[in-house]
Amino acid sequence: MRILFYSLLFLCLCAGRVAAQQQYLFTRLGLRDGLASNSVLALQQDAKGYIWIGTSNGLQRYDGFRMLLFQHRLNDARSLPNNIVRQLLPDKKNRLWVLSEFNRVGYVDLSDLQYREIPTIIAEDDRNKGKGHLHIDNAGHIMLFLFNRAVLTYDEKIKAFHPGGRPFPMPPGWKAIAFFQDSTGNCWMGSDSGLVKYNPASGTMSYRGHNADNDVVISHFGRYTNIGFPYLDRAGRFWVMYWPLGGWGANYFSLDTKTGREHNWNPSVGRALQGRYNEMNQIAESSDGTVVLAGVNMLLVLRPGSEAFELVRPNASGEFSLYYDVVQQWIEDREHNIWLATDRGLYWFNPWAQLCHAVPNRMPGKDSVYTSEVTGVRQLLNGDIVVSTWGDGLFAYDSLFRPAKRWYIENLRAHNERQHQAWCVIQRPNGDIWSGHQHGWLFVSHAATHRTDELVLPIFRHSTIRQMVQDRAGNIWMGTHQGDLIRWEARTASYSLMASLNSPVQRLYIDRRNDIWACTESEGVFRVRPEDGAVLNHYTTTGNEGRRLSGVGAADILQYSDSLYIIATHNLDVLNIRTGLIRSDTSVTGALFSGATNIIQDRRGYLWITNAEGLHRLSFAKQMATTYYEMDGVGSNAFNMGSASLLRDGRVVIGTTHDLLEFQPGHIQVYEQAPNDVEITGIWAHNVPLSVDSVGRLPELELPYAQNSLRISLSTLAYQNVAGIMYRLEGIDKDWVESKSNEAVYNYLPPGRYTFRAQAGDGDNRLSPHIRELSIHVRGPFWRSWWFFCLVLLAGAALLYVLDRQRMQRKAALENMRSDISGNLHEEVNQALQNINVLSEIARIKAEKDPEQAINYINEIHHKSHNMIIAMDDMLWAIDPANDNMAKAIDRMREFAEALNHRHGVRIRLQAAAGVERLHPDMNIRHELLLIYKLVLRVLVEEASAQDMLVQLDQDHSMLNLSIYSKGMRIDHRSGRSVRLMEEARSRAAAIRGALDLHTDEKGTTVLFICPSTF
């Protein structure tokens, strides 16, 4: 949203202004925030801006919203060797080196987030027992220091740490403990035997007794042994920490390399730590030159120009306090946020961005903090600041908020409990100080005599004096809790009741016209003429639309221009006194400023507004607002209404329920700098995480049809100047979507190609320089692919070809069948006619000579013609489409059985299984089935004289079964006609791919015919 810049002058003013050490507000990340362990051991920020966190339970990457966890996995060589991460160190090859427990070393390749362990060529016992530390020099050499044991150097060729290749020499027998390389390239080694300097340019080595470079640091510190943490700060001071043999603790010294002045910091450290045991883990320097010592029971800061360390106090009460017993590491990120790795979690704050400062109420010479509600703040003519509180009376400070001993405070405290509930303070031009209190007590401290009068006047009716203002005539106006507006007239020194407002007065305000404005608790806002107390206007929630307030009460009012007044009521209402119109500003800022308790305008024209959501700055002309939180130093949002004040140097002071909030708006400079570009920090397809770096190297993210839900996490990797994020998926989102949770979620993406875009924007409508893009391709189902369409077309064409071929085959088969039936019919009719012709000729010849024989021939002619008629009838029946089902065939078979029964007196029972009648065999099968049925029955009835037969029809899958059984009858194989008829039946069965079997003996005869149900 913004980048806050503080000039060095402001830092110096802050350092000198606050008597007590400035205590910052810290943001904590712990287990509830996704931290793997509250024991944080190491920190680093990579080139992209991610914060890497080493804990006792794994390695994590933090993007400002989410934690990505790396832990040891059994039998996985690409996982951490163990979960205790001691140190993190980035190199110039996009690798993050990780030192784990037992000095196991490896690195995370930041391009693919894969961990690779690096072997160490040293005895395992020496590696495990030594206290290790990684260092990278300016040339890129990566070294592993094992305390008092060895220094190993990483060899890129063999991919291992080994004792050779150390980029600096050491005196014989000296064991390196710590390493530091200054900006000129000199290497400084702390060792068990003392301090060593190696100059790579000249190849010379300097140490105690061998100062080849005649170096001033070696001359001063060469006498010390067990040197640790050598460091050269930007001010030219060289720091060392040494622990003497048999000593009880660490010693801290610095040497000014410019003047040769050595400084012993032990007294300063001792005073700051108050004698507590300490061990240093790190010495570092912030971007403004502040030196920081971090370790066991210590987080000490030495500000530029200061001669004393200050303790950043741990374990203080408060929501945004810092808790620690050990600070393992301290880093400053690219936004100048300070990150602290502690045994109580991960903390961060920005001392340069915390423009607001909490000022606790204190008495001079006392350390006690008074936490009563602050009801008002007033700066006196001499620059003193007087604070009224409900519970502890008045406090006096000088202009730098240092507690001051003042006569009027001493006088008031002599009145004991009657002065404790103070509500307001004002000073007359003659220096007299008036203060209003509970129960209508009024105290007047006279500057001329240093006497304080306690007044209990009937006009106040024992009602609390909540507000006091002074008009141009020097008259003092007072508003009470009962709603009385009382004026003390300077000319006559008399008190008068000017108006009864019937509601507690929460704020009195005098505008540029000298009109008196009274904000009440439940009766809206009154405008009063100062000359006679006449109510000029009364603004409430009643009245026409556009002429009424948004709330029944008002907490504060401010004249913005000649005609516009801003009123803090339910919303932020804007009153135009010329038109009488009231605009309830809800479209842009109303929701943000709902329930405002204070409004004050700084020298640059910005409005500062407080409510339960915090502290806000409003550019009323541009209708752009900025909200300030704990990261800006705002530790409380419990502001007391009507308690804001603008000091003469431009500072704003606002009372809270426990202390004061003080800041200098003029020292806030807003850079015209765009927000950071958006980074894609996580991708999940169908709830399966994908490697962001691997996806980034692909031309597009390709998703299968069954995994088309997508979740993308976004971040600007900014922790202080957080900007909003907008995203849009072209083809799905019509407009840009504001991300509420820094995630873009799409539960279903239809097949197709999309482009995902994301951009950051701040409250001043500045956009990030570049739009982050991700190409996405959701593959369609295979039945929507081009090859499947081609396959379907080919299959369709093949199917049409097969169907047409089958149609043609059926047509050809039908034609063949018809030809066969026609041929058979022609053959049978021709043969029958020929037989009839021959028999008729014979009968004609025999008619004269042998009449009886002629009659036999005539009977034969009758038989032949009858059979021919039956055959023709069967043919015509089979051809008729109306008879293309088995139900008709069975009826035909029953008709033939009844005919035989009528002619020969036999009993034929025909039984058809369920489902047979629903079959639709083709014409040829129906015809041949009927002929075979007739042939078999003719053999049994006419040749074998069968009397009782059982005929059964059933279906077995695709086969049609016909069985005929006659009990106690046997076919005579010597009968030529029987044999001829049965052979004809077998021949017809074979013609339709069927089979006919005959079994006959003394017990009976069984004929079984099986054929396909379709041909």
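The table that follows gives values for the structure above.
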{"quantity": "The chain, dipole about Cα centre (Lys/Arg Cβ +1, Asp/Glu Cβ -1), debye to the nearest 20", "calculated": "1500"}
{"quantity": "Simple label model, 7 Å out from Cα along Cβ direction - H462 to A316, nm", "calculated": "4.2"}
{"quantity": "DSSP-defined antiparallel bridges as percent of all bridges, the chain, nearest 5", "calculated": "95"}
{"quantity": "Where N is the number of residues in the chain, Cα Rg divided by 2.2 N^0.38 Å", "calculated": "1.75"}
{"quantity": "Part-to-part distance (alpha-carbon centres) for segment 786-808 and segment 521-535, which is given in Å", "calculated": "93"}
{"quantity": "Degrees between helix 851-879 axis and first principal axis of the chain (Cα, 0 to 90, nearest 10)", "calculated": "10"}
{"quantity": "Alpha-carbon centroids, segment 623-665 and segment 197-239: separation in whole Å", "calculated": "49"}
{"quantity": "Accessible surface of F229 - all protein chains present, 1.4 Å probe, nearest 10 Å²", "calculated": "60"}
{"quantity": "Amide H within-cut-off set for R86, under 5 Å, with H built and near neighbours excluded", "calculated": "L99, S100, E101"}
{"quantity": "Cβ charges +1 (Lys, Arg) and -1 (Asp, Glu), total dipole of segment 544-630, debye", "calculated": "260"}
{"quantity": "Among 441-448, 933-940, 306-313, the order from most to least packed when residues are scored by Cβ within 10 Å on average", "calculated": "933-940, 441-448, 306-313"}
{"quantity": "Shape category assigned to segment 348-398 from the gyration tensor of Cα positions, a/c cut at 1.5", "calculated": "prolate"}
{"quantity": "In nm, spacing of pseudo-spin labels at N82 and R980 (7 Å Cα→C-beta vector)", "calculated": "10.9"}
{"quantity": "Long-range HN-HN contacts of I121 with modeled amide H, under 5 Å", "calculated": "F161, H162"}
{"quantity": "Within the chain, helix-based [θ] at 222 nm, where runs of 4 or more DSSP H residues each add -39,500 (n - 2.57), nearest 500", "calculated": "-6000 deg cm²/dmol"}
{"quantity": "Whether segment 676-821 is rounded, prolate or oblate, judged on the alpha carbon gyration tensor where a/c under 1.5 counts as rounded", "calculated": "prolate"}
{"quantity": "Which listed pairs, of K93/K258; K92/K197; K48/K258; K92/K740, have C-alpha distances above 27 Å, in listed order", "calculated": "K93/K258; K48/K258; K92/K740"}
{"quantity": "Convex hull projection area averaged over all views, segment 106-179, Cα basis, nm²", "calculated": "5.6"}
{"quantity": "Relative packing of peptides 922-930, 405-413 - highest average C-beta neighbours within 10 Å first", "calculated": "922-930, 405-413"}
{"quantity": "Accessible area per residue, Å², the chain with all protein chains present, probe 1.4 Å", "calculated": "46"}
{"quantity": "Positive-end residue, the chain charge dipole about Cα centroid, Cβ charges, pick of T55, N186, G543", "calculated": "N186"}
{"quantity": "Accessible surface of segment 307-346, 1.4 Å probe, proportion on carbon and sulfur as whole %", "calculated": "46"}
{"quantity": "Counted charge near D659, where neighbours are those whose Cβ lies closer than 11 Å (Asp, Glu -1; Lys, Arg +1)", "calculated": "-1"}
{"quantity": "Whole-percent carbon and sulfur share, accessible surface of segment 530-653, 1.4 Å", "calculated": "49"}
{"quantity": "Listed residues G345, N411, A396: farthest to the positive end of the dipole of segment 324-414 (Cβ charges)", "calculated": "N411"}
{"quantity": "For segment 887-926, the spread of Cα positions along each principal axis, largest first, Å", "calculated": "32, 22, 11"}
{"quantity": "Listed peptides 741-754, 799-812, 66-79, 420-433 by packing density, highest first (mean Cβ within 10 Å)", "calculated": "420-433, 741-754, 66-79, 799-812"}
{"quantity": "Environment charge of E117, counting only residues whose C-beta is closer than 9 Å and scoring Lys/Arg +1, Asp/Glu -1", "calculated": "+3"}
{"quantity": "Gyration tensor (alpha-carbon) shape descriptor, segment 344-502, a/c threshold 1.5", "calculated": "prolate"}
{"quantity": "Surface share of carbon and sulfur [accessible, 1.4 angstrom probe, percent] for segment 875-947", "calculated": "46"}
{"quantity": "Helix 8-17 axis, angle to the chain major axis (alpha carbon atoms, nearest 10°)", "calculated": "60"}
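The values are calculated or read from the model by the stated rules, or taken from the named source; none is laboratory data. These figures come from a predicted structure and were not determined experimentally. Cβ sites come from the backbone with ideal geometry, for glycine too, and all protein chains shown count toward neighbours. In case anyone asks, the SASA skips ligands and DNA or RNA and just uses the protein heavy atoms, side chains included. Shrake-Rupley method; radii C 1.70, N 1.55, O 1.52, S 1.80 Å.
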